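Below is one structure, written out as structure tokens; comments come after it.
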Amino acid sequence: MSRTEIFARLTQVFRDVFDDESITLSETTTAADIEDWDSLSHIMLLSSVEDEFGIKFDMRAVQGLQNVGAMVDLIGSLSA
Amino acid sequence: MSITSLPFFVFFALSLALYYLLPKRCQWGVLLGCSLVFFGLSSPAYTVVYLALGVIATALCARGIARARENGSSGRARAALAVGLAVDLGLLAVLKYTGFFLGNVNRVGGWTGLWGPLPVPDLLAPLGISFYTLQSVGYLLDAYWDICPIQPSVWKTALFVGYYPQLTSGPIARYRDMHERLYAPHGFDSRRVAFGLQRMLWGIFKKLVISARAGVVANTVFADPAAHPGFLVWIGAALFTLQLYTDFSGCMDIVLGISECYGIPLPENFRTPFFSRSVQEFWQRWHITLGAWLKDYLLYPLMRSRPFAGLTRWLREHVGKKAARQLPSLLGMLCVWLLIGLWHGGSWKYILGMGLWFWGMIAAAQVLAPVFRKCIRLLKIRTDAFSWHLFQSLRVFVLVVVGNVFFRADSLSQALGFLRAGLLPRNPEIFFDGSLYALGLDRPDFLLLMACILLLVGVSAVQERGSVREQIARQNLVFRWLIWFGLLFGVLVLGQYGPGYDPAAFIYGQF
């Protein structure tokens, strides 16, 4: 799966989880850039991402996520 | 041994002298020895067996997890984790909740007549079991998830689990944050020790001057709510919340101050919680380490579990995106809140009163958020104004006071009776006719308590901008000494040891 494709599907997951169709993601997007991205919605987000891509994050990988770019890298490596 | 008693201060001074006078490689051993002595002086000697059992199981199972991972056997790692969790949580369940469980079994037996009363054993749990068990469980799960190093030494694991400053009331620390600080050598740093002592002093002031006085009024009102109706009930409830806050946060100031003297910073447990704008934010600023623990080790795995993922998918397909977003998180939070209630003690007043009340408030805020947003837009409320923040904080305070009635009352029915007594208060005259000075504190003591509340709010406001001690340290010498000696004399002269006050009892020490 290409990074562009991952970004497109991930953007839709973000829009569903945060109920905001105006969300656009970049490599450097972080929780500070999305108003409702708190610890609880983060858990919902990870579950939805796992569901969308048919993958399972392990805790070690999740702990290291710094921004959306890192999340895309992780999704790419797990779904390869 | 209470951490505000004279014997404790002597013990602490001796431990500090040993810690810095002996070779640095012995420092962690000194702390382990001190922890054993502290435990021995504070808890019946035989309960150390339970603590030892938990420590040994935690240390061996963590090592088992590491070995299994090296051999690539995930099944063995899972088995080692299961054994460790079973021992740690089993000890907690048996020692703390047997009475609650058998009490309910007997109640059901009495209602149905199917069985007679079962004997309820009088088991004594070791000091701080609710705190150190969560710390051990967190360590085992982190080890299993491979997000923390493994401690090969059973003795060093024992220090992590039983480190005496945090043993009685937390904070609940993580091994991955603690291991470098706990076992590392620390040189004597006069500034750090002075800062630690200053923090201890502020904690002692909160406990002995503020909490003890607020507790006298709360005890009077809660002892006989029917005799203190209307506004008096609410004054008692509000002062119990103040007592709880100054007791627990004062205890944390002492604990963190002690640990700072050893050069081992512990995680903060409070961040001016009464400045919160919502109940959810309040719980992110009150007992922070318990909330973070439950989020990481319970809520997170629960919501990522197969049943929850399945529920989310089903809701999305059959009900809608909004329900799929909200219902699983509300259900997950309900589990967490019921467990918070249970963790506070084996009693329905904690589970239903505290747990359900706060969950209900958070759930209502989440579900009704669009309605509130619409009201704010319609009424053209400026949400960045101080007045709005003040209103939000007062609203949080009232909701917390109601929840704490369940915490303080002897039973669920007494809590409900207490709230009934305060319903529709019609006695505003109590604020002017001297009734306030008949609640256990005379006029000067009551006015002193009010002055202390103002001081507390002022200090909290300064805390919002950064470390108070750092800000004081930047002042001139005379002003600095005036503050710290003033506080010391405040404790010595105004420290309350009168009726209704037990110097050995920190409220959270019972957990």
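What follows is calculated from the coordinates using simple rules that are stated; it is not laboratory data. Source: prediction; values computed, not measured. Neighbour counts run over all protein chains shown; Cβ positions are idealised from the backbone, glycine included.
Phi angles across the range B:473-484 convert, under the Karplus curve 6.51 cos²θ - 1.76 cosθ + 1.60 with θ = phi - 60°, into 3J(HN,Hα) values of 4, 7, 7, 5, 3, 4, 5, 4, 5, 4, 5, 6 Hz, Gly and Pro given as x. For the peptides A:15-28, B:389-402, residues were scored by their other Cβ atoms within 10 Å and the scores averaged per peptide; the highest-first order is B:389-402, A:15-28.
For the peptide B:315-327, the mean number of other protein chain Cβ atoms found within 10 angstrom of a residue's Cβ is 2. Ordering B:Trp155, B:Trp484 from the fewest to the most neighbouring beta carbons within 10 Å gives B:Trp155, B:Trp484.
When Cβ neighbours within 10 Å are restricted to other protein chains, what is their mean count per residue of peptide B:140-152?
2
Summarising the amide proton neighbourhood of B:Phe270: residues at separation of 5 or more, or on other chains, whose placed amide H is nearer than 5 Å comprise B:Ile288. Note that the range B:42-53 has calculated 3J(HN,Hα) couplings of 10, 9, x, 3, 5, 5, 5, 4, 5, 4, 4, 4 Hz, one per residue in order, obtained from phi through the Karplus relation 6.51 cos²θ - 1.76 cosθ + 1.60 (θ = phi - 60°); glycine and proline are x.
Among the listed pairs A:Lys56/B:Lys322; B:Lys24/B:Lys207; B:Lys321/B:Lys374; B:Lys24/B:Lys206, a Cα-Cα separation exceeding 25 Å is found for B:Lys24/B:Lys207; B:Lys24/B:Lys206. Computed about its Cα centre, the charge dipole of chain A is approximately 400 debye, with only Lys, Arg, Asp and Glu carrying charge at their Cβ. Rounded to the nearest 20 debye, the dipole size of the protein assembly as shown about its Cα centre is 180 debye, using +1 on the Cβ of Lys and Arg and -1 on the Cβ of Asp and Glu. The packing ranking, built from the mean of other Cβ atoms within 10 Å per residue, places the peptides B:268-278, B:457-467 in the order B:268-278, B:457-467, highest first. Peptides B:64-77, B:192-205 ordered by packing proxy, namely the average of other Cβ atoms within 10 Å per residue, highest first: B:192-205, B:64-77.
Farthest toward the positive end of the dipole of the protein assembly as shown, out of B:Ala158, B:Leu492, A:Leu40, is the Cα of B:Ala158, where the dipole comes from beta carbon charges about the Cα centre.
With a 10 Å cut-off around each Cβ of A:43-50, the average count of Cβ atoms from other chains is 5. Close amide-amide hydrogen proximity is noted between B:Ser169 and no other residue 5 or more places distant or on a separate chain, at a cut-off under 5 Å (H modeled in the peptide plane; Pro and chain starts excluded). The HN-Hα couplings worked out from phi for the range A:63-70 by the Karplus form 6.51 cos²θ - 1.76 cosθ + 1.60 (θ = phi - 60°) are 4, x, 5, 9, 7, 5, x, 5 Hz, whole numbers, x standing for Gly and Pro.
Neighbour counting of Cβ atoms within 10 Å sorts the residues B:Lys322, B:Lys349, fewest neighbours leading, into B:Lys322, B:Lys349.
Under the criterion of Cα pairs below 8 Å and six or more residues apart, the relative contact order for the range B:282-430 equals 18 percent. From helices alone, chain B scores -22000 deg cm²/dmol at 222 nm; the rule is -39500 (n - 2.57) for each run of n ≥ 4 DSSP H residues, then divide by the residue total.
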